[in-house]
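Asks: Please find one structure pasted underneath; my questions will follow.
The values are calculated or read from the model by the stated rules, or taken from the named source; none is laboratory data. Fair warning: this is a prediction, and the values are worked out from it, not measured in the lab. In this analysis, Cβ positions are derived from the backbone assuming ideal geometry, glycine residues included, and neighbour counts consider all displayed protein chains.
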Amino acid sequence: MARYTGPVCRLCRREGTKLYLKGDRCYTNKCAVDKRPYAPGQHGQGRRKLSEYGLQLREKQKVRRIYGINEKQFRRYFAEAERQKGVTGEILMRLLERRLDNVIYRLGFAASRPQARQLVLHGHVRVNGKKVNIPSYLVDLGDEVEIREKSKNLQIFQEAKEAARSVPQWLEVDLDQLKGKVVSFPSMEDLDIPVEAHLIVELYSR
């Protein structure tokens, strides 16, 4: 299954909540969810009660779209979460939060996860001093993430310094040096979008 490259505001409207895929636009009155708070398409404004399966599916799709991953990738993450000890849904979300593209977004170096993915792919990111250009790379406790020296003067990073977004507690950031560190593993409380992970577990347990 190929990565979605269509209009991302359509995805937010389909899920009925802001997924913050457009960066700063999502915080303005131009946000499509605020302007048209109903699903896209001819029958988007029709009221339809979702079944139990429908609720589970929508939750899974919402999480997939937040992190920009396809179904095959998502199933691999779920399989890995099942193998580990603990609450499967929480472990799943922890794995997704540890993706390098998500960490770049969470540190405030990018305005959105899609933008962070592009920065990683283009080789602007270092982990523990080594170039990593794989968005799905999982950071570990104590890892240091930084923007390479030659890239620090790019406008996108100057804008990131000015925006100075809040950073979750599991990360430390030095915006002036465009560096960050993983100081703990993420928890469900650290998510910027409410997720009912147990619905995803129920979906794959059917």
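Asks: Any idea which residue in the stretch 115-133 is nearest to Pro168 (Cα to Cα), counting only those that are surrounded by 20 or more Cβ atoms within 10 Å (Cβ to Cβ) and not β-branched (Val, Ile, Thr)?
Replies: Applying the filter and picking the extreme gives Ala116.
Asks: Can I ask one more? Does any residue in the stretch 182-194 that is over 10 Å from Glu90 (Cβ atoms) come within less than 6 Å, Cβ to Cβ, of a residue that is surrounded by fewer than 12 Cβ atoms within 10 Å (Cβ to Cβ) and not aromatic (Phe, Trp, Tyr) six or more places away or on a different chain, and which pairs are these?
Replies: Qualifying pairs under 6 Å: Val182/Leu141.
Asks: Out of the residues in the stretch 121-144 meeting the condition of being touching a Ser or Thr at 6+ places or on another chain (Cβ under 9 Å) and among the hydrophobic types (A, V, I, L, M, F, W, C), tell me which one is nearest to Gly68 (Cα to Cα).
Replies: So, considering only residues that are touching a Ser or Thr at 6+ places or on another chain (Cβ under 9 Å) and among the hydrophobic types (A, V, I, L, M, F, W, C), the one nearest to Gly68 (Cα to Cα) is Val125.
Asks: Mind checking which residues of the stretch 134-148 are surrounded by fewer than 21 Cβ atoms within 10 Å (Cβ to Cβ) and either within 19 Å of Ile91 (Cβ to Cβ) or not assigned by TED's automatic domain parsing to the domain that holds Trp170 (or both)?
Replies: Answer for the stretch 134-148, where residues must be surrounded by fewer than 21 Cβ atoms within 10 Å (Cβ to Cβ) and either within 19 Å of Ile91 (Cβ to Cβ) or not assigned by TED's automatic domain parsing to the domain that holds Trp170 (or both): Ser136, Tyr137, Leu138, Asp140, Leu141, Asp143.
Asks: Can we say Lys150 is out of contact with any Ser or Thr (no Cβ under 9 Å at 6 or more places or on another chain), under 21 Å from Arg98 (Cβ atoms) and free of Cβ contacts under 8 Å to residues at least 12 places away in the same chain?
Replies: In short, no.
Asks: Could you grab the pairs with beta carbons closer than 6 Å, sequence gap of 6+ or different chains, first residue in the stretch 96-119 and in contact (Cβ under 8 Å) with a residue 24 or more places away in the chain and not assigned by TED's automatic domain parsing to the domain that holds Ile69, second one of a type in the set (D, E, K, R) and in a loop (DSSP other than H, G, I, E, B)?
Replies: Gly108/Arg165
Asks: Among Gln84, Gln56, Gln42, which is at pLDDT 60 or above and either surrounded by fewer than 21 Cβ atoms within 10 Å (Cβ to Cβ) or touching a strand residue (DSSP E or B) at 6+ places or on another chain (Cβ under 7 Å) (or both)?
Replies: Gln84
Asks: Turning to a different aspect of this structure: Regarding Val201, is this residue in contact with a helix residue (DSSP H, G or I) (Cβ under 8 Å, 6 or more places away or on another chain) and assigned to a helix (DSSP H, G or I)?
Replies: yes
Asks: Of all residues being over 20 Å from Leu96 (Cβ atoms) and touching an Asp or Glu at 6+ places or on another chain (Cβ under 9 Å) in the stretch 110-145, which is modelled with the lowest pLDDT? Just the residue, please.
Replies: Gly129
Condition check ((1) of a type in the set (Phe, Trp, Tyr); (2) buried (at least 16 other Cβ atoms within 10 Å of the Cβ); (3) at pLDDT 60 or above) across all residues:
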| site | (1), (2), (3) |
| --- | --- |
| Lys22 | no, yes, no |
| Arg48 | no, no, yes |
| Tyr67 | yes, yes, yes |
| Val103 | no, yes, yes |
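Asks: While we're on this one: Check off (1) buried (at least 18 other Cβ atoms within 10 Å of the Cβ); (2) more than 18 Å from Gly180 (Cα to Cα); (3) in the same structural domain as Gly180 (by TED's automatic domain parsing); (4) not basic (Lys, Arg) for Gln155 and give me the number that stays unchecked.
Replies: (1)
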